[in-house]
Amino acid sequence: MPKRPLGLGFINKLDDYLLRNKPDTWTTRIHLVLYYTILYACALSIICFIIPDNPLKQSIVGYWIMAQSVLVIVAIVFWIVYLVRFNNFKSFGLTHGGDRLKTYFFFFIGMVFMISTCFIPPVIETYKTMIHYSPSQIVEDMDNMNVLLARLTKEDSRAEITIDTIYIIGPNSSYTPHSSGSGSYIWNDSLGAYIKEPIYLSREELKYTLTEEDSVLWLNNNKLVRYQVTNLQFIQNWDVTKNIDVKPMTSFDIYNRVYHNNNPADVQKLEKEFFDLSEKYRDPSNTEDDYWNYTMDPSAAAAAKFRTGQVSKGISNISQRYYRWDDWQMNAAYHTIYYVAMFIGLCLFIFRHSTMRTFFLSILTGILLVIITAIFGAFLEFTQKGAIILMLVYYAFFFIFAVSTVQWKVRSVFTGIALNLAVICTPFIPLLCLVLYHVINRVAYYNNYYNTYSYNGGYDRETENLHYYISEAFGFIILLILIETVYKWMYRKWYAAPEE
């Protein structure tokens, strides 16, 4: 047996053992796919770790992912070439119970390993950032820099505290807006001076108006006085604090610390302290500070003179790397790997169990069906519910047609196409049914997401997302069961019949 590149002794022995004892498993080449994918993943990890990367600059990991995606496509092509060489199923070789299920599972696992290599560059980039930076230290440095800048800009552009009187209006409120309530200044005849116009808000609007930087004094249940200070958070980034208990100083905190201290400032010493500290986080490629007019307010003055935008951008780049795998990003990565691996694995499965002509006609039919449906859907203005129902009808047609014609005396290409498309659609059916249920019961929107409600009350988005995860798992289980039972029988019946 010829030696393979980097093929160690154990992989050659395993290949020889599978060829002699497990020919159906050997034909999938899964042992070689996993072996070389792991070798490549290790090499890619070392390369990504060695190549210099500045966490303060905008990440270019997207280019790495694109390049790796191309290499994965090339690897799939090589895998297909090996799959064409010998096919135990089409040669009517010796098979055992569970072989069809095992074959698809190998295809799925192989694709999971291949696609996962696309996420190695961002994972290594995050790890390298975590080595050099700590969120709690960043917050502490942000506070120190903001205090220094507040002291440096104190004389040139002083901060101010503004006072707003807010009336809460509603069905139970005794206050009625006298004008627009925009908070502008109006003339008061009794005082002979301009006073600030009150602001009128509903309780719902008040929730989004009061922030952590507000100092509020409630006069009664429907009236309050709000104190706001000029923004003194010259350098800020809220993402860096989302997973830690340490919170940055507010503008009020900075104001109380700086403006209640009347000691003269040593400008040169403060500037040196600031620049020594800011160089740890400065992104020199950011030029947005050049557009600030430093005569406006403390934030604008600091941005123009001390290039605070470069520091904020550098911290933003760090936090983007640091928390790349939180919440929806991790969810998106998981679903990308799962759905792409499942779909390509199914394509490889039907490629191994149907003729070359039927396989490519099935892919072409699926693409044309999507295009034609999209065109008619645009003209007929399909609703989301209508589109989902149509997809379920397509699957029912494919499955029923394939079952009813698979025992024809000759092998029909139309039966093969219907069978292949039914196999590809199977794992998505429970998910489509669940989405249809939610669409029918949709009653409200919130931040571009909808909440579903029962007659006895509502359930939150986490419960709804849990239902989606369950439907995805349920669809995969149904696919595996049908592959080993119904689809296995249908493919054997269809392929064993003579061609038309």
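The values are calculated or read from the model by the stated rules, or taken from the named source; none is laboratory data. Every value quoted in this text rests on a predicted model; they were computed, and no experiment measured them. When we count neighbours, we look across all protein chains shown, and the Cβ atoms used for this are built from the backbone with ideal geometry, even at glycine.
Take the stretch 460-489 and flag every residue that is β-branched (V, I, T) and part of a helix (DSSP H, G or I).
Hits for the stretch 460-489 are T463, I470, I477, I478, I481, I483, V486.
Taken as a whole, the stretch 125-134 holds no residue that is in contact with a Phe, Trp or Tyr (Cβ under 7 Å, 6 or more places away or on another chain) and at pLDDT below 85.
Figure legend. Inter-residue proximity from the stretch 265-287: first residues assigned by TED's automatic domain parsing to the domain that holds N54, second residues in a loop (DSSP other than H, G, I, E, B), beta-carbon distance below 7 Å, spacing 6+ or different chains. No pairs are indicated. The one condition from (1) hydroxyl-bearing (S, T, Y); (2) modelled with pLDDT under 90; (3) within 30 Å of Y322 (Cα to Cα) that Y82 does not meet is (3).
Residues are listed down the side, and each one gets a yes or a no for (1) in contact (Cβ under 8 Å) with a residue 24 or more places away in the chain; (2) of a type outside the set (S, T, N, Q):
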| residue | (1), (2) |
| --- | --- |
| E464 | yes, yes |
| H467 | yes, yes |
| I470 | no, yes |
| F474 | yes, yes |
| I478 | yes, yes |
| L482 | yes, yes |
| T485 | no, no |
| K488 | yes, yes |
| Y495 | yes, yes |
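Any idea which of (1) touching a Phe, Trp or Tyr at 6+ places or on another chain (Cβ under 6 Å); (2) farther than 17 Å from I424 by Cβ is the one T383 doesn't satisfy? Of the numbered conditions (1) touching a Phe, Trp or Tyr at 6+ places or on another chain (Cβ under 6 Å); (2) farther than 17 Å from I424 by Cβ, the odd one out for T383 is (1).
If we keep just the residues of the stretch 155-187 that are closer than 25 Å to T230 by Cβ and of a type in the set (S, T, N, Q), which is modelled with the lowest pLDDT? Restricting to residues being closer than 25 Å to T230 by Cβ and of a type in the set (S, T, N, Q), the top hit is S180.
Give me the residue from the stretch 138-164 that is among the hydroxyl-bearing types (S, T, Y) and surrounded by 17 or more Cβ atoms within 10 Å (Cβ to Cβ) and, out of that set, nearest to R282 (Cα to Cα). That would be T153.
Here's the yes/no breakdown for (1) part of a helix (DSSP H, G or I); (2) among the acidic types (D, E); (3) modelled with pLDDT of 75 or more:
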position: Q236; (1), (2), (3): no, no, yes
position: V240; (1), (2), (3): yes, no, yes
position: N243; (1), (2), (3): no, no, no
position: V246; (1), (2), (3): no, no, yes
position: F252; (1), (2), (3): yes, no, yes
position: Q268; (1), (2), (3): yes, no, yes
position: F274; (1), (2), (3): yes, no, yes
position: D289; (1), (2), (3): yes, yes, no
position: Y294; (1), (2), (3): no, no, no
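Take Y487 and decide whether it is within 18 Å of P427 (Cα to Cα), surrounded by fewer than 16 Cβ atoms within 10 Å (Cβ to Cβ) and in contact with a helix residue (DSSP H, G or I) (Cβ under 8 Å, 6 or more places away or on another chain). Considered against the rule, which asks whether it is within 18 Å of P427 (Cα to Cα), surrounded by fewer than 16 Cβ atoms within 10 Å (Cβ to Cβ) and in contact with a helix residue (DSSP H, G or I) (Cβ under 8 Å, 6 or more places away or on another chain), Y487 comes out as no.
Just checking, which of L152, L94, L148 is among the hydrophobic types (A, V, I, L, M, F, W, C), modelled with pLDDT under 85 and touching a Leu at 6+ places or on another chain (Cβ under 6 Å)? Steps first, answer last, please.
Numbers: L94 fails: touching a Leu at 6+ places or on another chain (Cβ under 6 Å); L148 fails: modelled with pLDDT under 85.
Exactly one of L152, L94, L148 is among the hydrophobic types (A, V, I, L, M, F, W, C), modelled with pLDDT under 85 and touching a Leu at 6+ places or on another chain (Cβ under 6 Å), namely L152.
A quick yes/no check of all residues on (1) under 24 Å from the mean Cα position of the chain (by Cα); (2) of a type outside the set (D, E); (3) assigned by TED's automatic domain parsing to the domain that holds W494; (4) at pLDDT below 85:
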site: I417; (1), (2), (3), (4): no, yes, yes, no
site: F428; (1), (2), (3), (4): yes, yes, yes, no
site: I440; (1), (2), (3), (4): no, yes, yes, yes
site: N448; (1), (2), (3), (4): yes, yes, yes, yes
site: G457; (1), (2), (3), (4): no, yes, yes, yes
site: L466; (1), (2), (3), (4): yes, yes, yes, yes
site: A473; (1), (2), (3), (4): yes, yes, yes, no
site: F476; (1), (2), (3), (4): yes, yes, yes, no
